[in-house]
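The numbers here are math on the coordinates, done by the rules we state, and not lab data. Note that the structure is a prediction, hence the values are computed from the model and not measured. Because the Cβ atoms are built from the backbone with ideal geometry, glycine has one as well, and the counts that use them run over all protein chains shown.
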Amino acid sequence: MRIEKIQQLLQDSEKDAIIIKNRENKKYFGSLGGSGIYLVVTPSSQVQFFDGRYRQEIKDLTNGFENYEVPQGSYLPKIFDWLQQQGIKQLAIEPNGLSIQEYRALSEEFAVDIWSHQLQEIRAIKSAEEIQLIRNACALTDEIFAELVPEIKIGMPENELGALIHYLSLKKGASAMAFEPIVASGPRSALPHGRPTERAFEQGDFITIDFGIVLNGYQSDMTRTVMLGEADNELQTIYQVVKEAQQAASDFIREDVTGQEVDAVARKIITEAGYGDYFSHGLGHGIGMGGDVPILNPKSQMVLKENMVMSVEPGIYLPGVGGVRIEDDVVIQNGIGVALNHTTKELVSVGECYV
């Protein structure tokens, strides 16, 4: 049981309780993600404090918790009362969930320790069920992309392709998008997080498409860059560099290497090709319910372990010219990295006239 991992950690850390407010953490540990829900865990109990908006959902969708309904907006005083009744002295909290005001109020009454990484590390090691759910999300993402590509035409606006990503994702069973899709074409493909605009696709454009879905609570994240007709030779060159870097880093992923070491594999290839200054972000991040680790970047000392899932997404971005990013999700199984996406990474030429 996931909650037992926290309880063991509390015992090992000599903490009396933890307050969990982060949306994804609450959902991971069996509660709901709503803003008016606070989860409190001690070594021997787990309690939900919630307002009346969640009464029926708490009853129908959660189990194994003590439940306390409180008036909306009065969560913390009720939690204070409960903690004091339990004799709580040593309290852990997350770094991202409670407000600054809540943190200050708690610090005045309890010895507060911010757990900056402990819950993330619990969530980083995925169960077989979680891996299958992520695998399913990645498979559906591949399927959506395959239906998307034939629709790309000269003259189509970026935001229309963005809307089509939303439509196909929900139509094919996703409950939501993991994030707002990125569609960046022509010179705008040099923007790593270029959101769709009214810009119409032109002959010779590189188009970067980055999206992920939520399926049964778990996310995917995939990026491909396609070519509209025949593109500039330099863009085709950097495509091959990024493709090589992405594959090499994916192949290097294994147990007991650090995020920094994986990042260095891709970064070395891009740097030796002369484009090191144009790879402006980390190589990847954890995949799961959202906000997951490990992080793959030049400073990450996190050691990769069996059943971790992460994105691998190198890119080169040439201002005023265009850019390329290729991204797969990768799981460590039997000690090595295994790609969960199966969409081709060859440079695909797409598009005819938009009608």
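Which whole-number percentage describes the relative contact order of the range 114-247, with Cα contacts under 8 Å and a sequence gap of 6 or more?
Relative contact order comes out at 24 percent.
Which of the helices in the chain meet the span-like rule: DSSP H, Cα axial reach of 27 Å or more, Kyte-Doolittle mean at least 0.0?
Numbers: long enough: 128-148 (30 Å, 0.37); 233-252 (29 Å, -0.49).
Sorted by number, the helices that extend far enough and score high enough are 128-148.
Please compute the length gained on full extension between Q84 and Q333, using 0.36 nm multiplied by the number of residues separating them and subtracting their Cα-Cα distance. Working shown, then result.
On the way: separation 249, 0.36 × 249 = 89.64 nm, distance 4.47 nm.
Gain on stretching Q84 to Q333: 85.2 nm.
In what order do D263, D251, D60 fall by count of nearby beta-carbon atoms within 10 Å, going from fewest to most?
Working: D263 24, D251 14, D60 8.
In order of increasing Cβ crowding within 10 Å: D60, D251, D263.
Work out the count of Lys pairs in the range 126-350 where the Cα-Cα distance is under 16 Å, with the pair 8 or more places apart or on different chains. Let's see the in-between values first.
Values: K126/K305; K243/K268; K243/K345; K268/K299.
Close lysine pairs found across the range 126-350: 4.
In whole angstrom, how far apart do the alpha carbon centroids of the range 1-69 and the range 195-240 sit?
40 Å
Kindly put D12, D232 in sequence by how many other C-beta atoms sit within 10 Å of each C-beta, fewest to most.
On the way: D12 9, D232 15.
So the residues, fewest neighbours to most, are D12, D232.
With the Cα gyration tensor of the chain in hand, give its eigenvalues times 5 under a square root as the equivalent ellipsoid semi-axes, listed largest first in whole angstrom.
Values: eigenvalues 352, 104, 60 Å².
Largest first, the chain gives 42, 23, 17 Å.
Stretch I125-Q72 to full length: gain in nm at 0.36 nm per residue minus the Cα-Cα span?
Length difference between fully extended and current span is 15.6 nm.
What area, in nm² and to one decimal, does the C-alpha convex hull of the range 231-353 cast on average over all directions? Can you show the working numbers first?
On the way: hull surface 34.0 nm².
Average of the hull's projected areas for the range 231-353 equals 8.5 nm².
Please list, or write none, the aspartates and glutamates whose alpha carbon is within less than 18 Å of the alpha carbon of K89, excluding same-chain residues fewer than 8 places away.
Within the straight-line cut-off, K89 pairs with D12, E14, D16, D81, E102, E108, E109, D113.
Taking the simple approach of a point 7 Å from Cα along Cα-to-Cβ for both K171 and Q56, what is their distance in nm?
3.1 nm
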